[in-house]
Amino acid sequence: MTLFSPRSLGAISALMAGTCLAGPVLALTPAELWQQNVDYMEYNGYSVAAETEMSGADLRINSATFTMELPNGGKAVLTMGGMTYAPRGDAVSIILPPEMPLSYSMDEDGERFAVDARLTTTADASQIATGTPDDLTYDVSASRIDVVVTRFQANDDPAIENPFSVALKRVAGRYALASSDGYSTVQEMTVDEISYLLDVEIEAPDSTEALHMTGKAANLALDAKGFMPARPAGEPFDPTKAFVKGMTMDLDASYQNGSSVLQGTADGDSFEIRSGSDGGKLTMAMSPEGSMSLDTVSTGMTSDIRSDAMPPMQISMAEAGFGIVMPFLASETPGPIGMRLTLRDLGVPETLWAMFDPEGKLPHDPLTLDARLSGQGRLFMDLTDTAAMEALGPDQAPGEVSALALGRLDLKLGGAALQAKGHFDIDNSVKSALNPEMPKATGTLEVTAQGVMALVQTLAQMGLLPPDKAMMLPMMAGMFTRQVSGPDDLATTLEITPDETVLVNGNQMMP
């Protein structure tokens, strides 16, 4: 069962929209404000049933149930209640009780799960809406907000009691929403500290599997804006199409001083992992043409690993990053694609080095990998079109790549270093004469390497590389590389010409 599908993520977002994180409130009177909440939930595919009553000028929402009909007869249900919408002059305040119950369940394709939770806020928590119904600004603040998952159950498995909780301290934010042929949002939020707790025990036939995790981070910051276009009149909501043309999003999030402790038992062995980092950042964007990008980076990471099944290890890394650019909707024209992977100064623990290099023949320098790809490509179908994706044959692809560039490859390990860059144009209308199963490609790849021959000889002496392979590599290097400043400083240039002639360092290798 996939708990975090686009449908469940959308439901979770809707849950947060209705609680402390400043949901889509547009009106300046309690009745209009509640109606706008209902309209927004219906826009997101939910039907709404609520028990409301007036208390003077205040509107009380005693309970509210939001139900989404899913494909294949499935259903998702969100329940909350206990809120009060109160006029405050020209503004409207949403007042939450000190403790508010929440529940969410999903049942689809024979898979189901249910979550019960509790939301608590401090007495100084404030949610104030100002502006006009079509252009609203919403201010949020609280000394502390807690969300506790009190019960989780999947299918007929035993329920897990109190498995997770999260606490936010000193929350402040502003949420702006304008409605015109859709919803346009701008959000800013800061949290001085976030802490969380995961505590799970599962009874196995011969043992009890346990997982306990605590963590925290400081100075969280979120800046986000986006636009969701209105659906055409009469078009029903389709939860499988979470992304549509015209949708945009720009998100920047960051934190500092993260730390966590993970403890547990598995197969009778206990373990503990203590981790920390100086901070991290996440950026995400969606273009109206149907392309998305995501980039994340963490710095100053350390891990201390203890386990009954292995010797202790300490791992450190100066930086770890991952990024991707890709289309998610079908298009007639190519758009940007790309990927980034960075592991900088990864310190391999000496206990691990000792397992395959007990005599210390290799330099134990940190590992560095920095790879950056970019290009152009397009999809033939939307990634959210599950029927079309499932109908693909084993030899069919959902899209095609028309250009691919290796902007950078930098690898350092064991005293050796490798660098590469290149660019290839791909003509998908023509089959390659070199490989008829592939489209025609033309371009150039440049590679340089230092210390590789010395590393190969050392690995052969250690018995980690067969002698025949170790002898073959220098022969191959003599055929396909050229010396730059010495016998172990090598370079090569691979070129595929428009007539698909393969050249290595200017010499023809294949017709």
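The values are calculated or read from the model by the stated rules, or taken from the named source; none is laboratory data. Since we're looking at a predicted model, the values are computed, not measured. Every residue, glycine as well, gets a Cβ built from its backbone with ideal geometry; the counts of neighbours run over all protein chains shown. These accessible areas exclude ligands, DNA and RNA; they are computed on the full protein's heavy atoms, side chains included. Shrake-Rupley method; radii C 1.70, N 1.55, O 1.52, S 1.80 Å.
Quick note on region 297-444: its Rg to Rh ratio, both from C-alpha atoms and Rh being the Kirkwood radius, is 1.11.
Working note: Cα gyration tensor of region 190-290, eigenvalues times five, square-rooted, sorted largest first, giving semi-axes of 39, 23, 10 Å.
Think of region 415-511 as a dipole: +1 on every Lys or Arg Cβ, -1 on every Asp or Glu Cβ, centred on the Cα centre; then among Pro466, Met476, Gln450, Pro466 lies furthest on the positive end. Give me the angle, in degrees from 0 to 90, between the Cα long axis of helix 467-480 and the longest principal axis of the Cα atoms of the chain, rounded to the nearest 10. The angle comes out near 90 degrees. Taking Cα centre as origin and charging only the Cβ of basic (Lys, Arg, +1) and acidic (Asp, Glu, -1) residues, the dipole magnitude of the chain rounds to 1060 debye. Projecting the Cα positions of Val348, Gly56, Ala114 onto the charge dipole of the chain (unit charges on Cβ atoms of Lys, Arg, Asp and Glu, taken about the Cα centre) puts Val348 furthest along the positive direction.
Taken about its Cα centre, region 111-191 carries a charge dipole of about 380 debye when Lys and Arg each add +1 at the Cβ and Asp and Glu each add -1 at the Cβ. A simple rule links phi to the HN-Hα coupling: the Karplus curve 6.51 cos²θ - 1.76 cosθ + 1.60 with θ = phi - 60°, which for region 104-115 gives 9, 9, 9, 9, 7, 6, x, 9, 8, 8, 9, 10 Hz, with x for Gly and Pro. Computed on region 115-233, the Cα convex hull volume stands at 151 Å³ per residue. Rolling a 1.4 Å probe over the heavy atoms of the protein chains gives the chain an accessible area of 53 Å² per residue.
Loop-resident GluC sites (Glu not before Pro) (DSSP state other than H, G, I, E or B) in region 364-469 with no more than 14 further Cβ atoms inside 10 Å of their Cβ: Glu437.
Could you let me know the centre-to-centre spacing of region 143-191 and region 77-124, using Cα atoms, in angstrom? Centre-to-centre distance over Cα atoms comes out at 10 Å. Shown is the FRET efficiency for Asp238 and Ala31, computed with R0 = 25 Å from the Cβ-Cβ distance and rounded to the nearest 0.05: 0.25. Principal-axis analysis of the Cα atoms of the chain puts helix 6-17 at an angle of about 40° to the longest axis. With 21 Å as the cut-off, how large is the P(r) tail for region 357-511, expressed as percent of Cα-Cα pairs? When every Cα pair of region 357-511 is considered, 61 percent fall beyond 21 Å. Across all C-alpha atoms in the chain, the radius of gyration and Dmax reach 28.3, 90 Å. Here region 388-461 yields Rg over Rh of 1.17, to two decimals, using C-alpha coordinates and the Kirkwood radius.
Mean residue ellipticity, 222 nm, helices only, the chain: the sum of -39500 (n - 2.57) across DSSP H runs of n ≥ 4, divided by residue count and rounded to 500, is -3500 deg cm²/dmol.
Computed from point charges on the beta carbon alone (+1 for Lys and Arg, -1 for Asp and Glu), the dipole magnitude for region 234-283 about its Cα centre is near 180 Debye.
Note on the chain: with neighbouring protein chains present and a 1.4 Å probe, carbon and sulfur make up 58 percent of its accessible heavy-atom surface. Pairs of Cα atoms nearer than 8 Å and 6+ residues apart set the relative contact order; for the chain it is 6 percent. Summed over all non-identical Cα pairs, the Kirkwood treatment of region 441-486 gives a radius of 12.1 Å. Compared with the dominant principal axis of the Cα atoms in the chain, helix 30-43 is inclined by about 40°. Could you work out the percent of alpha carbon pairs in region 208-267 separated by over 20 Å, rounded to a whole number? Everything past 20 Å amounts to 61 percent. When region 250-299 is described by a simple charge dipole with +1 on each Lys and Arg Cβ and -1 on each Asp and Glu Cβ, the residue from Phe271, Ser259, Ser293 located farthest towards its positive end is Ser259.
Remark: relative contact order (region 441-493) = 50 percent; criterion is Cα-Cα distance under 8 angstrom and separation of 6 or more residues.
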